[in-house]
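So the structure is just underneath, and the comments pick up after that.
The values are calculated or read from the model by the stated rules, or taken from the named source; none is laboratory data. Since we're looking at a predicted model, the values are computed, not measured. Here the Cβ positions follow ideal geometry from the backbone for every residue, glycine too, while neighbour counts run over all protein chains shown.
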Amino acid sequence: MRSHYCGDLRKEHIGEDVTLMGWVHRRRDHGGVIFLDVRDREGIAQVVFDPDREESFKLADSVRSEFVIELRGTVRGRPEGTDNPDMATGAIEVLGKELTILNKAETPPFQLDEHQQVGEDVRLRHRYIDLRRPDMQKKLRFRSKVTSALRNYLDEHDFLDIETPILTRATPEGARDYLVPSRTHEGCFFALPQSPQLFKQLLMVSGFDRYYQIAKCFRDEDLRADRQPEFTQVDIETSFMDEEEIMGMAEGMIRETFQKLLGVDLGEFPRMPYEEAMRRFGSDKPDLRIPMELVDVADLVAEVDFKVFAGPAKDPKGRVAALKVPGGAELTRKQIDDYTKFVGIYGAKGLAWIKVNSLEQGAEGLQSPIVKFLGEEVALKIMQRLEAKDGDIVFFGADKAKIVSEAIGALRIRAGEDLGMVEREWAPLWVVDFPMFEEADNGKLTALHHPFTAPKCSPEELKANPEAALSRAYDMVLNGTELGGGSVRIHDQAMQKAVFHILGIGSAEAEEKFGFLLNALKYGAPPHGGLAFGLDRLIMLMTGSDSIREVIAFPKTQSASCMLTDAPGEVSTTQLHELNIRLRKTP
């Protein structure tokens, strides 16, 4: 039927007879000559119909936007002065000879070239039309190219593509699982996987050595721009490779993908310990494109009368950190108030600040309501430590260390972007040396990653001082976004039991929830490790999109619903009866 895609036509096709099939993107009538911009997945071609061919001209005059058509014609160069350098096909046009209307279309709910003014709810409700837009076509075609590049790299490095179950057992925590009731096992439920973690470890025990999968995963959690209830990850696991080898392989995969598809050389990925990332940037996924850092000043303010600072400075779990924003003294009070509201999202109770108007004037040259509480000597020592200059502003966070790091770390990104301080396009790195455990709100220790991550110490050392233990985990970060993370896994029972003990998981509970894995570890489990990349996030970054919803064909909204199919929806009482489920209405 079709001989060429519309977007593939170039000067070398001049003189050829072609058959095109696609949608009418736009129709124009110029002095008795009708122009149709015909669109398919590869792009747009301009087709000209003149009155000499009466039947096809009449049909061309009747078509409207989004009609599906088939046409035959001859490629020719555009008349001198009418080239369109903004179009890949802008040097040629097709002289239309035959036209067939394959299907008519009603007026679409929005124009495909004016989507900026269309609300996302309208776009998602009519996603099949939204996906016709050249921008969306380009993104999803690019996504396909990325997945092909990733698969080719892994295939070339002897990885096997192996599928793991979608219907599986609920995770120990369970709160984030999507549950699937079983009709044949009354009162029992499957769960959709949050990750193929346990199965890919079992594949290593099975001797498959190098596994990968483009895996669908599911997590019932609150959504953000980079979260969806169902998402895709590039899941990788290897045997007989340590963390350095795994990171090297993964880094090579991402570097090669960027080089092939974007022509971008990401260079070597620096390594940064977790502790350093949190101290300098307030985040375990720091954006290194922004040249600002958090500076601890607790030692300078511990003895001041200002309890807002002195209290956290003396608290072993507290932190007082300062962020110097070069040129930030120009910020208005409204902008500072907006920043104060912004850090409140992360639990900060306020945002103290000092504007540096003139360091020559000492404390008199510092503009802030808190200078008098700090005292001239302390205020100037802070300015000296931060190497502040006239025209800067210094923001402060004083609270529990976690709150300060998250709030001021997020402010660093927000202010850096607002003031145009992003210095380069790409900034990759590896964050390493994560703690094994973190303290939960109830005071108990929980696994920072997951309970199958191997520590950098012996079981005896782990039991003796679990709070100080570091893990063999690693996260790849790009432009402040966690692209992927993983670890070397625990492959012997003694270490696994030690971790379970610290997490308060007793023998009976461990056997009930992880018995199949613990049993597998008895039978010659090799040293192994792996990682998983968020494919949606990777495509979002590579295409410069604001949200992963822009790179997923049929995404959910922030309320985890599908506006296209109106899912989730109610089911019949017959179905519920077969599943032995009775609904209880919330009063």
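When we screen Glu237, Glu244 for residues that are under 18 Å from Pro451 (Cα atoms) and not β-branched (Val, Ile, Thr), the only hit is Glu237. Number of residues in the stretch 552-587 that are closer than 21 Å to Arg132 by Cβ, of a type outside the set (A, V, I, L, M) and within 23 Å of the chain's Cα centre (by Cα): the value is 5. All of (1) touching a helix residue (DSSP H, G or I) at 6+ places or on another chain (Cβ under 7 Å); (2) in the same structural domain as Trp353 (by TED's automatic domain parsing) hold for Asp418 with one exception: (1).
Number of residues in the stretch 424-450 that are in contact with a Gly (Cβ under 9 Å, 6 or more places away or on another chain) and charged (D, E, K, R): the value is 1.
Looking at the structure I just gave you, is Phe258 in the same structural domain as Leu448 (by TED's automatic domain parsing), buried (at least 18 other Cβ atoms within 10 Å of the Cβ), aromatic (Phe, Trp, Tyr) and in contact (Cβ under 8 Å) with a residue 60 or more places away in the chain?
Numbers: in the same structural domain as Leu448 (by TED's automatic domain parsing): yes; buried (at least 18 other Cβ atoms within 10 Å of the Cβ): yes; aromatic (Phe, Trp, Tyr): yes; in contact (Cβ under 8 Å) with a residue 60 or more places away in the chain: yes.
So Phe258 fits the description; yes.
For the stretch 550-559, a tally of residues being buried (at least 17 other Cβ atoms within 10 Å of the Cβ) and either part of a loop (DSSP other than H, G, I, E, B) or in contact with a Leu (Cβ under 8 Å, 6 or more places away or on another chain) (or both) returns 4.
Looking at this structure, is Val343 aliphatic (A, V, I, L, M) and touching a Leu at 6+ places or on another chain (Cβ under 6 Å)? Criteria met by Val343.
Scanning the stretch 282-299 for residues that are polar (S, T, N, Q) and part of a helix (DSSP H, G or I) turns up nothing.
Taking the criterion of being more than 31 Å from the chain's Cα centre (by Cα), farther than 21 Å from Leu380 by Cβ and in a loop (DSSP other than H, G, I, E, B), the residues of the stretch 306-358 that qualify are Asp315, Pro316, Thr332.
Has the stretch 356-378 got any residue that is crowded, with 21+ Cβ neighbours inside 10 Å and free of Cβ contacts under 8 Å to residues at least 60 places away in the same chain? Steps first, answer last, please.
First, pick out the residues of the stretch 356-378 that are crowded, with 21+ Cβ neighbours inside 10 Å: 356, 366, 374.
Those still in the list that are free of Cβ contacts under 8 Å to residues at least 60 places away in the same chain too: 356, 366.
Yes, there is a match, as at least one residue in the stretch 356-378 is crowded, with 21+ Cβ neighbours inside 10 Å and free of Cβ contacts under 8 Å to residues at least 60 places away in the same chain.
Scanning the stretch 76-104 for residues that are under 26 Å from Lys138 (Cα atoms) and in contact with a helix residue (DSSP H, G or I) (Cβ under 8 Å, 6 or more places away or on another chain) gives Gly77, Ala88, Thr89, Ala91, Ile92, Ile101. None of Gly73, Gly22, Gly15 is at pLDDT 95 or above and not in a strand (DSSP E or B) except Gly15.
Okay, residues lined up against (1) touching a Cys at 6+ places or on another chain (Cβ under 7 Å); (2) surrounded by fewer than 19 Cβ atoms within 10 Å (Cβ to Cβ); (3) aliphatic (A, V, I, L, M):
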position	(1), (2), (3)
Arg39	yes, no, no
Ile44	yes, no, yes
Phe49	no, no, no
Asp52	no, yes, no
Ser56	no, no, no
Ile69	no, no, yes
Glu98	no, yes, no
Gly119	no, yes, no
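Could you say whether any residue in the stretch 434-449 is aliphatic (A, V, I, L, M), surrounded by fewer than 14 Cβ atoms within 10 Å (Cβ to Cβ) and part of a loop (DSSP other than H, G, I, E, B)? Checked the stretch 434-449: at least one residue is aliphatic (A, V, I, L, M), surrounded by fewer than 14 Cβ atoms within 10 Å (Cβ to Cβ) and part of a loop (DSSP other than H, G, I, E, B). Out of everything in the stretch 358-381 that is more than 22 Å from Gly311 (Cβ to Cβ) and touching a Leu at 6+ places or on another chain (Cβ under 7 Å), what residue ends up being modelled with the lowest pLDDT? Across the stretch 358-381, the extreme among qualifying residues is Ala363.
In the set (1) of a type outside the set (A, V, I, L, M, F, W, C); (2) surrounded by 16 or more Cβ atoms within 10 Å (Cβ to Cβ); (3) at negative phi; (4) at pLDDT 90 or above, the condition left unmet by Ser458 is number (2).
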